[in-house]
Amino acid sequence: MVTQEWKWLDEVPDPELPSVSITDLGIVRDVRWEGDDLVVALTPTYSGCPATAVIEADVTRALHDRGVQNVRIERRLAPAWTTDWITPRGRARLSEHGIAPPQATLADGPIATAIVRCPQCDSTHTTEISHFGSTPCKALYRCENCREPFDYVKPH
Amino acid sequence: MTERFEYLLRLGDSSLVLAQQSAAWVAHAPIMEEDVALANVALDLFGQAKMWLDYAGEVEAAGRDADALAFHRDAGAYRNVLLVEQPNGNFADTIVRGYFYDVWAHLQLAALSRSSDERIAAIAAKAGKETAYHLRRSEDWVVRLGDGTELSHERVQCSVDALWRFSGEFFLGDAIDAAMVAQGIGPDPETLREPWLQRVGAALGTATLAQPADGWMQRGGKQGRHGEALSYMLAEMQVLPRSYPGAAW
């Protein structure tokens, strides 16, 4: 049983979206014991995301702090991470912290932009300012109702 | 095994060279949003290059990882297509170069995601999702610039005309491609030609841009014959690890 181990990982925040834990982000794919080793399978969000190495170090440290001596990180590429794996709690926490959660999975190729809700005032009258934002996983939007700019986690 | 190593170098080197070139725009882009966009595209491409080159190193089994392959090969050992080493030029040149690449990479990665090599299939599936997003942006820009002002139209038409001759290399197969096809690892490059032309042709039409006539196409990048621009780019990219071997943060 690894219920306790999952709970510990629930407490590890994403370094770039600290309101969300790595389990809420859906990047912890498997937790299992192999003899004395605790194996944690992680998948990267974007292939060049600089947070990947930080997350691996954070997981190892968090588990060491809770008395797990041998931690092994496994990088898992397939299936590729999708924002569909962000949990309902993760989505709620993103919203609470002013970041709009992803709306729908991006289809192959260009698509019509999804309706993005302003995390401040809930208006759907929003405009994409930039395809990219402060991290690889986000785009930049502006609310035309309350005029606040905000980050939007791109459907991926 | 050698053929698969060469093939992985081609995939990794094209991503790496385009990443390095795009990253050079940081703090020079025409607007701040583009600074961020070019940096993010570069970041994805660096990540993809690392996955391809790490695997290349494992296949080669000579103790080289992605860093060793990136920083300790000269231009003649690089296997990127010629398009990506073309200078950044003006913003239109960079957009068109990225667009031609994105359409090709998107098609190629879709085919590679069905590769008989599971690792290649996994990397391609991951990279393909990122490239779909890059393509959305670069296509959007081609249309905006082409169907924009008189000046933007003129500039982007110049870029299309100048870079067109580097698109033919995408579809030229050689013995390495044939070996990959035979093993079910990669697609026949020729099969990507029609879908590429269709997509690019449609976008150029929407952008009110003229599609260049068929003419002489440059070739040789995949076999290691490069223009001098690549050496300058690599000199800048490689100077630190070559001057201070083993340097770490």
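Using helices alone, what [θ] at 222 nm do you get for chain B, with -39,500 (n - 2.57) per DSSP H run of 4 or more residues, divided over all residues and rounded to the nearest 500? It lands at -22000 deg cm²/dmol.
With a Förster radius of 22 Å applied to the beta-carbon distance between B:A247 and B:E58, the computed FRET efficiency rounds to 0.40. Computed from point charges on the beta carbon alone (+1 for Lys and Arg, -1 for Asp and Glu), the dipole magnitude for the protein assembly as shown about its Cα centre is near 200 Debye. Ordering A:P15, A:A80, A:W33 by the projection of their Cα atoms onto the charge dipole of segment A:3-81, which places +1 on the Cβ of Lys and Arg and -1 on the Cβ of Asp and Glu, puts A:A80 at the extreme positive end. Summarising the amide proton neighbourhood of B:N88: residues at separation of 5 or more, or on other chains, whose placed amide H is nearer than 5 Å comprise an empty set. Here the calculated FRET efficiency for A:Q4 and B:D188, from their Cβ-Cβ distance with R0 = 45 Å, stands at 0.30, rounded to the nearest 0.05.
For B:M180, B:M237, B:M32, the sequence from fewest to most other C-beta atoms within 10 Å is B:M32, B:M237, B:M180. Between A:A114, A:A78, A:A139, the GNM of chain A built on Cα springs shorter than 10 angstrom shows A:A78 fluctuating the most. Taking a ≥ b ≥ c as the square roots of the eigenvalues of the Cα gyration tensor, an a/c ratio of 1.5 or more together with a/b no larger than b/c marks the protein assembly as shown as oblate. Quick note on segment A:3-81: its Rg to Rh ratio, both from C-alpha atoms and Rh being the Kirkwood radius, is 0.93. Applying 1/(1 + (r/R0)^6) with R0 = 56 Å to the Cβ-Cβ distance of B:V181 and A:E96 gives a FRET efficiency near 0.60.
Among B:H72, A:H156, a tally of other beta-carbon atoms within 10 Å of each Cβ gives an order, fewest to most, of B:H72, A:H156.
Each Cα pair under 8 Å and six or more residues apart adds its sequence gap; the mean of these over the residue count of chain A is a relative contact order of 19 percent.
With each label modelled as a point 7 angstrom along the Cα→C-beta vector, the B:D67-A:E74 pair spans 2.6 nm.
GNM remark for chain A: springs join alpha carbons under 10 Å apart, and the peak mean-square fluctuation among A:D24, A:D122, A:D65 falls on A:D65.
So, counting K/R as plus one and D/E as minus one, what does the shell of residues with Cβ under 9 Å around B:Q223 add up to?
Local charge sum for B:Q223: +3.
Among the listed pairs A:K138/B:K126; A:K154/B:K126; A:K138/B:K129; B:K50/B:K222; B:K129/B:K222, which are separated by more than 21 Å between their Cα atoms? From the list (A:K138/B:K126; A:K154/B:K126; A:K138/B:K129; B:K50/B:K222; B:K129/B:K222), the Cα-Cα distance tops 21 Å for B:K129/B:K222. For segment B:96-107, 3J(HN,Hα) computed residue by residue from phi via the Karplus equation (6.51, -1.76, 1.60; θ = phi - 60°) reads 5, 4, x, 5, 4, 5, 4, 4, 5, 4, 4, 5 Hz, glycine and proline entered as x. Going by neighbour counts of Cβ atoms within 10 Å, the residues B:Y232, B:Y133 line up, fewest first, as B:Y232, B:Y133.
Scaled against the 2.2 N^0.38 Å expected of a compact globular protein of N residues, the Cα radius of gyration of chain A reads 1.13. Size of chain B: Rg and Dmax of its alpha carbons, in Å, are 17.5, 54. If both residues of a DSSP beta bridge must be in chain A, then about 65% of such bridges are antiparallel.
Under the simplified labelling scheme, the B:A24-B:D147 pair shows an inter-label distance of 3.2 nm, with each label point 7 Å from Cα along Cα→Cβ.
Isolated cysteines of chain A, defined as having no other cysteine beta carbon under 4.7 Å away, are A:C49, A:C137.
Across chain B, the mean sequence separation of Cα contacts (distance under 8 Å, 6 or more residues apart), normalised by length, yields a relative contact order of 24 percent.
Each value in this text was obtained by applying a stated rule to the coordinates, not by laboratory testing. These figures come from a predicted structure and were not determined experimentally. Virtual Cβ from ideal backbone geometry, glycine too; neighbours counted across all protein chains shown.
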